[in-house]
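Notes follow once the structure below has been shown.
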There are 2 protein chains.
Amino acid sequence: MITSLRNPRIAGVRRLQRRRERRATGRTAIEGPLLLSEAIEAGITINDVYARSDDEVAAELAATAGREVTKVSDDVLAGMASSVNPRGPVTIITIPGGDRQVAGIDSLVLWDIADPGNAGTMIRTAAAFGFQVLATKGTVDLWSPKVLRAAVGGHFRTTLVEGLPADVAPLAAAGLTAMVATADGAPANDVRLDGDHPVALLVGNEAHGVPDAIASTGNVQTITLPMPGGSESLNAAVSAGILMYLRMVGRSD
Amino acid sequence: MITSLRNPRIAGVRRLQRRRERRATGRTAIEGPLLLSEAIEAGITINDVYARSDDEVAAELAATAGREVTKVSDDVLAGMASSVNPRGPVTIITIPGGDRQVAGIDSLVLWDIADPGNAGTMIRTAAAFGFQVLATKGTVDLWSPKVLRAAVGGHFRTTLVEGLPADVAPLAAAGLTAMVATADGAPANDVRLDGDHPVALLVGNEAHGVPDAIASTGNVQTITLPMPGGSESLNAAVSAGILMYLRMVGRSD
């Protein structure tokens, strides 16, 4: 059993809390039995599983992936995890490459999204409704433990493409119809969401939205959800969820 | 300028971080200029406004409400606020009584919701789509600063009724048709959401959902949103947002 945070393997895991280290190694850490189970089911490469010595669920899951649990003390587990009072296990996975195919598929575009919880919730919804997820360079790292936790396995059920320029031209060039929710766009009821062309639904930064210079170009369809209650805006993840749902239903009717 | 956290008025504000103190005094604290502006517009009683001496926005807003800013040092402001690096002002408001009218209006029912951010996001959405908000006794205090922050003024644009028993009978007695999103309910497309009867949309605790014993009673209409991506669930606030939107549109068409 590993009992010291200075153990070289443990130190290596702790470094994965930094984005740069995740990029350099192509690995990240996921926490808890649910995410591990989802990762195994999706065929993600499981490298190491760290858990308490009495964690039988972790041992069984690790065995399913052909791995043995590395046992660690409570203190070491707490030092490896990003959550408070972690239950474990902490699992090191290889970040899947994906095929970086932007064209052809309905896409949710995270435009400089700053909050990991918001990003994760949107990945969860996108995966449920059959959208892939694109992210601009200014968006939080989608493979951080916090985003992974909020997405509850969504990362493993859809394609994620990060590092896009904050520009709609590449989306249009890929055949995607860009759409964005704004306060003064076309009423959602009047916008055709059942077209054959795949859409790119832009969701802007929590404080600033999608820049006006982008939203007001002729290439971008603006949409406004009716809000009879006199509100001016919705939470970004809620707004994106409603629009993805409407598109999914329109498409399948 | 107040420079000590031991000042009796400041100590009183800090005690409002506790639910019991909020109940005893009927007051709570809101943070930032946006919430203050929304509260003034909604006619909420503004008791005190605490801000930095150079905060001209706070001074103007306070004047609109017929109040003067009490100037505080940066340290005192930080000690009063629940957010990190607070910008101020911190404003003490009287929690509105509401008319505790459960009948007659489409309602979102927060069923033992534990996360303040989730509760606030759902209040924000409910207010936008014309729903009132009911909450069971087991739900977080809706008037805590964290919930207020996430709701971005939603508290001031709808009615909130807290402390309900975790039971559907009173909802049915009030003429509300109870509905709940579950993994194995009727497809959303098949559920009539345009009826004249007001609905009570139940949203369950993030970990446990609405208890099976409640969801499976004949009085409750179950609804399932289609998820072609193979997911089993959505974030509670996203799911509630989609269902409230569908009800609002169905009702107004």
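The values are calculated or read from the model by the stated rules, or taken from the named source; none is laboratory data. These numbers were taken from a predicted model, which means no experiment stands behind them. Heads up, the Cβs are rebuilt from the backbone with ideal geometry, glycines too, and the neighbour counts pull from every protein chain shown.
Regarding the range B:72-82, can at least one residue be identified that is away from every other protein chain (no Cβ under 14 Å), β-branched (V, I, T) and over 30 Å from B:L234 (Cβ atoms)? Yes, because at least one residue in the range B:72-82 is away from every other protein chain (no Cβ under 14 Å), β-branched (V, I, T) and over 30 Å from B:L234 (Cβ atoms). What's the number of the only condition in (1) in contact with a His (Cβ under 8 Å, 6 or more places away or on another chain); (2) not assigned by TED's automatic domain parsing to the domain that holds B:P211 that B:I123 fails to meet? The single condition B:I123 does not satisfy is (2).
Quick grid of which residues meet (1) over 24 Å from the mean Cα position of the chain (by Cα); (2) crowded, with 18+ Cβ neighbours inside 10 Å; (3) among the aromatic types (F, W, Y); (4) not in a loop (DSSP other than H, G, I, E, B):
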position: A:D48; (1), (2), (3), (4): no, yes, no, yes
position: A:S53; (1), (2), (3), (4): yes, no, no, no
position: A:V57; (1), (2), (3), (4): yes, no, no, yes
position: A:L61; (1), (2), (3), (4): no, yes, no, yes
position: A:K71; (1), (2), (3), (4): yes, yes, no, yes
position: A:R87; (1), (2), (3), (4): no, no, no, no
position: A:G104; (1), (2), (3), (4): no, no, no, no
position: A:V109; (1), (2), (3), (4): no, yes, no, yes
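The range B:138-253 holds strands (runs of 3 or more DSSP E) entirely within its bounds, and those carrying 2 or more residues that are at pLDDT 85 or above and within 13 Å of chain A (Cβ to nearest Cβ) map to B:220-224.
When we screen A:V161, A:V133, A:V152 for residues that are more than 20 Å from A:A103 (Cα to Cα) and not polar (S, T, N, Q), the only hit is A:V152.
Being in contact with a Lys or Arg (Cβ under 7 Å, 6 or more places away or on another chain), more than 28 Å from A:T224 (Cα to Cα) and buried (at least 16 other Cβ atoms within 10 Å of the Cβ) holds for only one residue in B:V220, B:V161, B:V210, B:V168, and it is B:V161. Among residues of the range A:111-137 being within 10 Å of the chain's Cα centre (by Cα), assigned to a helix (DSSP H, G or I) and aliphatic (A, V, I, L, M), the one that is farthest from the other protein chains (Cβ to nearest Cβ) is A:A119. Can you tell me which residue among A:A186, A:A174, A:A128 is out of contact with any strand residue (DSSP E or B) (no Cβ under 7 Å at 6 or more places or on another chain), aliphatic (A, V, I, L, M) and surrounded by fewer than 17 Cβ atoms within 10 Å (Cβ to Cβ)? None of the other options fit; the residue is A:A174.
Each row is one residue, and each column tells you yes or no for (1) small (G, A, S); (2) in contact (Cβ under 8 Å) with a residue 24 or more places away in the chain; (3) farther than 30 Å from B:D167 by Cβ.
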site	(1), (2), (3)
B:T25	no, no, no
B:L36	no, yes, yes
B:A42	yes, yes, yes
B:A58	yes, yes, yes
B:V102	no, yes, no
